[in-house]
1. Counting other beta carbons within 10 Å of each Cβ, put 90, 41 in order, fewest first.
2. Between residue 80 and residue 52, take the C-beta separation as r, use R0 = 25 Å, and let me know the FRET efficiency to the nearest 0.05.
3. Fewest Cβ neighbours within 10 Å first, please rank 84, 46 accordingly.
4. Starting from the Cα of residue 34, step 7 Å along the direction of its Cβ; do the same at residue 64; then give the gap between the two resulting points in nm.
5. Would you calculate the volume per residue, in Å³, of the smallest convex hull containing every Cα atom of segment 28-120?
6. Test of understanding: ordering 64, 117 by Cβ neighbours within 10 Å, fewest first, what list do you get?
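Please treat every number below as a calculation from the coordinates, not as lab data. The structure presented is a predicted model; accordingly, all values stated were derived computationally and were not measured. Here the Cβ positions follow ideal geometry from the backbone for every residue, glycine too, while neighbour counts run over all protein chains shown.
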C-alpha cells in the first residue's frame, strides 16, 4: 500500500464525497450584477458612509464618524443570501461586514440600530 493514497475504490469514493460535501457547505456565489452600484448610508445618526459595489466583485467604501475617516477596498460576494465584504489590512473595518438586500436598501446591523445603504 502506497503511503498517502487510498487503498480501495471505496476509500477514493469516500474522499470525493467528503470533498463535495465540504464544498457545498459554503454557500458562496458570484456577485449578482443587479446589486452593483453606488450606495449611501442613511438612518444612522452622526455617521456617513458610501459604498461602491463593482460588477466584477470588488468594492470601495468610506466611513465618516466625527473626526474619523476610514476608507477601504476589497472583494464582495453573496454568502447565504447576504452580501459579504472581504478586506485585508490592519484597518480592515469593512472585513466580514454583512449586508442584507431589501428593496433599494442594503441593510447593515450596527449593534444598536440598523442602517440602510440606499442606492443612489
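1. Going from least to most buried by this count: 90, 41.
2. About 0.60, to the nearest 0.05.
3. Working: 84 17, 46 7.
Fewest-to-most Cβ neighbours within 10 Å comes out as 46, 84.
4. 3.2
5. It is 93 Å³ per residue.
6. Details: 64 15, 117 24.
Lowest to highest Cβ neighbour count: 64, 117.
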